[in-house]
1. Give the distance, in whole Å, between the Cα centre of segment 80-133 and the Cα centre of segment 1-71.
2. With +1 assigned to the C-beta of every Lys and Arg and -1 to the C-beta of every Asp and Glu, and no other charges, what is the dipole magnitude of the chain about the Cα centre in debye, to the nearest 20?
3. How big is the Kirkwood radius of the chain, worked out from every pair of different alpha carbons and given in Å to one decimal?
4. How large is the helix-only mean residue ellipticity at 222 nm for the chain, computed as the sum of -39500 (n - 2.57) over DSSP H runs with n ≥ 4, divided by its residue count, in deg cm²/dmol to the nearest 500?
5. Among Ala128, Phe27, Val82, flag the residue with its Cα farthest along the positive direction of the charge dipole of the chain, charges on Cβ as +1 for Lys/Arg and -1 for Asp/Glu.
Amino acid sequence: MTPDQIAQVRSSFAKVAPIAEPAATLFYGRLFEIAPEVRGLFKADMAEQGRKLMTTLAVVVNGLDNLPALMPAVNALARKHVGYGVTAAHYVPVGAALLWTLEQGLGEAFTPEVRDGWTQAYTTLSGAMIAAAEASPAAAS
Ligand code: HEM
């Protein structure tokens, strides 16, 4: 990612952070609308799940300029996801729901540059999670 894309992602996430709870609700609502088949994978309380998702996104957004440092945590998260029954294909609707949520939350501040930055960030993160899941699937359970 370019320094400019990282800056776009950070400043836009700072605008969403104060509305993290409704943003998470919007996100899961959209996800289950476009990919109803993943609804059954979620067993936990969705409010708690939404908080975990936003906290993790904050850590990732913070660490975008030093991705190697994030890799141990990303690998562990990826293996957990294999255990939840998440497949590589599931990362597509999750990415779409994330971008849609940002667009709803940011309104006009969701510029093409912001979209590009988030697309790049999610592609990098999901690519790393999928690769880690494929590298050690046996560690899933
Ligand atoms: C880059 C993308 C993703 C991030 C940052 C992320 C983040 C997280 C985090 C932080 C947790 C909680 C883990 C814990 O409790 O220790 C979690 C759980 C979970 N995630 Fe993800 N996730 C991502 C992608 C996905 C995808 C693609 C799916 C597929 C639908 C998915 C489905 C789930 C499920 C089913 C759980 C467990 C919920 C439960 O305990 O009931 N996640 N995720």
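1. Using only Cα atoms, the two centres lie 8 Å from each other.
2. Details: 10 positive and 12 negative charges, 81 e Å.
So the magnitude is around 380 debye.
3. 15.5
4. Working: 6 runs with 104 residues, N = 141.
Rounded to the nearest 500, the figure is -25000 deg cm²/dmol.
5. Val82
Just so you know, all these numbers are worked out from the coordinates, no wet-lab data involved. This is a predicted model, so every value here is computed, not measured. Quick reminder, even Gly has a Cβ in these numbers, built from the backbone with ideal geometry, and neighbours come from all protein chains shown.
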